[in-house]
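Undergrad: Quick one: structure below, then a few questions.
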Amino acid sequence: MNRPRTTPAAGRGRRLSPRWRKAILTLHVTVAVGWVGVEIAQLLLGLVGLTTDDPEVVRATRVVMEILGLELTVGIAWMTLLTGLLLAMATQWGLLKHYWIATKLVVTVTLMLDGHFLLQHWLRRQADLDTASESVGLQLVISMSIALVLLVAATALSVHKPWGRTRRGRRRPARNGPARSADGPSPKVEVNQP
């Protein structure tokens, strides 16, 4: 017997249809991979700028790093955050129900704050300097290396989904009473999420 589809219970929020979930997940993965790519490109440019003696190459690396950091990374970071929030809140995973999702949120916001307050300042400072400043270049390389490690860690969290549920995720949603079938109350089944 086919059962009619029902809407989610009040308080649990709306769920995305499979088509929308896949579309948003595809966008999320695409922009997150793009963010990793931009960090790799900036790191390589920073290393080239530190290791070359050619002032024209140093200047070129600075200009490209500034464009990538100030123009591209900001949009990618925001799109990654927004699509991640949407996926977390509109799917069964929930925003604060699993430690791995909460950790990814902290990593993303930390990287965005670092990019806004430190990285953009260093990129502008580096681009304004007429002579090569190894200290600013080294700060950029270190910052981008840390950002790259954090982005790869966030990717690993998405793949492995470690640590289980948070206290909030272990709580059962409030219902108007036990669900009933034709045979009486349905049994309580514990489901272990990966």
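Undergrad: Taking the stretch 69-109, which residues are of a type in the set (Ser, Thr, Tyr), touching a helix residue (DSSP H, G or I) at 6+ places or on another chain (Cβ under 7 Å) and within 30 Å of Arg168 (Cα to Cα)? Before you say what the answer is, go through the steps one by one.
TA: Pass one, the stretch 69-109, residues of a type in the set (Ser, Thr, Tyr): 73, 80, 83, 91, 99, 103, 108.
Remaining after also requiring touching a helix residue (DSSP H, G or I) at 6+ places or on another chain (Cβ under 7 Å): 73, 80, 83, 91, 103, 108.
Matches in the stretch 69-109: Thr80, Thr83, Thr91, Thr103, Thr108.
Undergrad: Across the stretch 13-40, what is the number of residues that are under 16 Å from Val141 (Cα atoms), aliphatic (A, V, I, L, M) and surrounded by 16 or more Cβ atoms within 10 Å (Cβ to Cβ)?
TA: Of the residues in that region, 2 qualify.
Undergrad: Here is a follow-up. Can you name every residue in the stretch 42-74 that is open to solvent by 80 Å² or more (accessible area, probe 1.4 Å) and among the acidic types (Asp, Glu)? Before you say what the answer is, go through the steps one by one.
TA: Going through the stretch 42-74, the residues open to solvent by 80 Å² or more (accessible area, probe 1.4 Å) turn out to be 44, 51, 53, 55-56, 59, 67, 71.
Correct list: Asp53, Glu56, Glu71.
Undergrad: Quick test for you: out of Thr61, Thr83, pick the one residue that is in a helix (DSSP H, G or I) and under 13 Å from Met144 (Cβ atoms).
TA: Thr61
Undergrad: Regarding the stretch 121-140, can at least one residue be identified that is open to solvent by less than 70 Å² (accessible area, probe 1.4 Å), touching a helix residue (DSSP H, G or I) at 6+ places or on another chain (Cβ under 9 Å), of a type in the set (D, E, K, R) and in a helix (DSSP H, G or I)?
TA: Within the stretch 121-140 (the criterion being open to solvent by less than 70 Å² (accessible area, probe 1.4 Å), touching a helix residue (DSSP H, G or I) at 6+ places or on another chain (Cβ under 9 Å), of a type in the set (D, E, K, R) and in a helix (DSSP H, G or I)), the answer is no, since none of the residues qualifies.
Undergrad: A further question follows. So which of Thr108, Thr83 ends up being within 30 Å of Trp20 (Cα to Cα), of a type in the set (Val, Ile, Thr), modelled with pLDDT of 90 or more and touching a Ser or Thr at 6+ places or on another chain (Cβ under 8 Å)?
TA: Working: Thr83 fails: touching a Ser or Thr at 6+ places or on another chain (Cβ under 8 Å).
Testing whether each residue is within 30 Å of Trp20 (Cα to Cα), of a type in the set (Val, Ile, Thr), modelled with pLDDT of 90 or more and touching a Ser or Thr at 6+ places or on another chain (Cβ under 8 Å) leaves just Thr108.
Undergrad: Separate question: What number of residues within the stretch 86-96 satisfy the criterion of being in a helix (DSSP H, G or I) and open to solvent by 40 Å² or more (accessible area, probe 1.4 Å)? Can you show your working first?
TA: Pass one, the stretch 86-96, residues in a helix (DSSP H, G or I): 86-89.
Remaining after also requiring open to solvent by 40 Å² or more (accessible area, probe 1.4 Å): 86, 89.
Result for the stretch 86-96: 2.
The values are calculated or read from the model by the stated rules, or taken from the named source; none is laboratory data. For clarity, every value in this text was computed on a predicted model and none was experimentally measured. With ideal geometry, Cβ positions are generated from the backbone for all residues, glycine too; neighbour counts draw on all protein chains shown. All accessible areas refer to the heavy atoms of the entire protein, side chains included, with ligands and DNA or RNA removed. Shrake-Rupley method; radii C 1.70, N 1.55, O 1.52, S 1.80 Å.
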